[in-house]
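Data block below; observations after.
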Amino acid sequence: MEEKSMDPPVDHISKLPVPVLQKILSSFLAKDVAQLSTLSKSLNSAWSSLSYLNFSSKFFYHQGDDDQWILSENITELVNIVDQILVNRQNQKISIQKFCYIHGWINTLVSLNIKELTLSIDTPDDGYNTLPEAIFVAKELNVLNLQGFKLELPHNGIKFSSLRVLHLSKTLLSDHFIRAVCESCSDLEDLKINECRGLASLQIGGTLSKLRSVWLDCLYDLQMVDIVASNLENLHIDWMLEVIGITACKSLKRLYLHHLQ
């Protein structure tokens with residue numbers, strides 16, 4: 001009996017348009033995308049111009065036998081790889097839409113018109129890490145997620161003219177820093193502050209006309225909140241406060257208040 005010959009497998013993925021391939025690849029970690037890019041010229045082309053770069057901590061760490069994350073012995077080589085990837089995009093004038101992880105790349109990312117940035121680091125025992133001032137002039141930045149930093153008002157002020165989403169977690173910040181954010185980021189729609197220290201009062205005036213959501217949780221030094229936001233729809237406060245004021249919030253749909261004195 002003759003065996004039927006099997007047709008060779010057809011690579012349908014590589015035949016997709018580059019924008020579609022980039023959309024697919026953007027959901028993977030950069031390390032995995034780089035490996036996939038070796039499979040075909042189309043994938044390599046899509047990777048070379050990909051503007052969503054998610055290295056994450058897994059790029060620089062590996063999990064040991066005791067489930068603890070251990071810094072890679074090849075950290076210098078890995079950092080050089082990231083440097084080269086960013087240099088290539090800088091030479092091609094490719095704007096970075098999203099970047100996850102931090103090293104010495106802030107200036108490069110700002111020059112590449114970074115749109116979405118996630119910086120998350122563990123807080124050391126001897127204090128918080130200071131966020132490089134260069135990030136505060138990222139005028140094209142839309143989304144900023146920060147964890148584990150000390151946020152100080154830069155000498156030249158805050159230039160987040162396009163910022164829509166700001167999420168702060170386990171950071172050290174001050175009243176005047178948040179005040180500067182409220183005065184400078186007129187497009188801000190979503191503000192979330194979680195497990196932070198240093199903030200004693202939060203005052204949001206009429207400058208944030210696009211603000212839709214405010215989430216405040218476990219703010220250890222917070223005593224007073226005063227919000228004036230006509231388009232605010234969602235407000236979540238989970239902490240003991242001495243004073244709270246919510247005025248002119250005529251669009252409010254969801255309100256959660258817990259542990260108020």
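Data overview
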quantity: Tabulated pairs, region 80-94, first closer than 14 Å to residue 34 by Cα, second surrounded by 12 or more Cβ atoms within 10 Å (Cβ to Cβ) and of a type in the set (S, T, N, Q), C-beta under 6 angstrom, 6+ apart or interchain; calculated: 86/108
quantity: Failed item in (1) surrounded by fewer than 16 Cβ atoms within 10 Å (Cβ to Cβ); (2) under 29 Å from residue 133 (Cβ atoms), with residue 251 passing the rest; calculated: (2)
quantity: Verdict on residue 260 being open to solvent by 40 Å² or more (accessible area, probe 1.4 Å), part of a strand (DSSP E or B), at pLDDT below 95 and over 14 Å from residue 182 (Cα atoms); calculated: no
quantity: Search result, residues across region 195-216 that are at pLDDT below 95 and within 19 Å of the chain's Cα centre (by Cα); calculated: 195, 196
quantity: Region 225-241 residues that are more than 10 Å from residue 257 (Cβ to Cβ) and among the charged types (D, E, K, R), paired with ones that are part of a strand (DSSP E or B) and open to solvent by 50 Å² or more (accessible area, probe 1.4 Å) (beta carbon under 6 Å, 6 or more apart); calculated: 226/203
quantity: Which numbered condition residue 122 fails, given (1) at pLDDT below 80; (2) in contact with a Ser or Thr (Cβ under 9 Å, 6 or more places away or on another chain); calculated: (2)
quantity: Tally of residues being in contact with a helix residue (DSSP H, G or I) (Cβ under 8 Å, 6 or more places away or on another chain) and either of a type in the set (S, T, N, Q) or closer than 16 Å to residue 183 by Cβ (or both) across region 200-232; calculated: 7
quantity: Subset of region 201-242 [among the small types (Gly, Ala, Ser) and in a strand (DSSP E or B)]; calculated: 201, 213
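Here's the yes/no breakdown for (1) buried (at least 22 other Cβ atoms within 10 Å of the Cβ); (2) farther than 22 Å from residue 139 by Cα:
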residue	(1), (2)
177	no, no
190	no, no
195	no, yes
202	yes, yes
220	no, yes
229	yes, yes
233	no, yes
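For every residue, the table says whether it meets (1) under 19 Å from residue 255 (Cβ atoms); (2) in contact with a strand residue (DSSP E or B) (Cβ under 8 Å, 6 or more places away or on another chain); (3) hydrophobic (A, V, I, L, M, F, W, C).
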position: 157; (1), (2), (3): no, no, no
position: 164; (1), (2), (3): no, yes, no
position: 169; (1), (2), (3): no, yes, no
position: 174; (1), (2), (3): no, no, no
position: 178; (1), (2), (3): no, yes, yes
position: 182; (1), (2), (3): no, yes, yes
position: 187; (1), (2), (3): no, no, no
position: 201; (1), (2), (3): no, yes, no
position: 235; (1), (2), (3): yes, yes, yes
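The values are calculated or read from the model by the stated rules, or taken from the named source; none is laboratory data. The shown structure was predicted, so the numbers you read here are calculated from the model rather than taken from an experiment. All Cβ positions, glycine included, derive from the backbone under ideal geometry; neighbour counts span all protein chains shown. The area values use the complete protein model at the heavy-atom level, side chains included, leaving out ligands, DNA and RNA. Shrake-Rupley method; radii C 1.70, N 1.55, O 1.52, S 1.80 Å.
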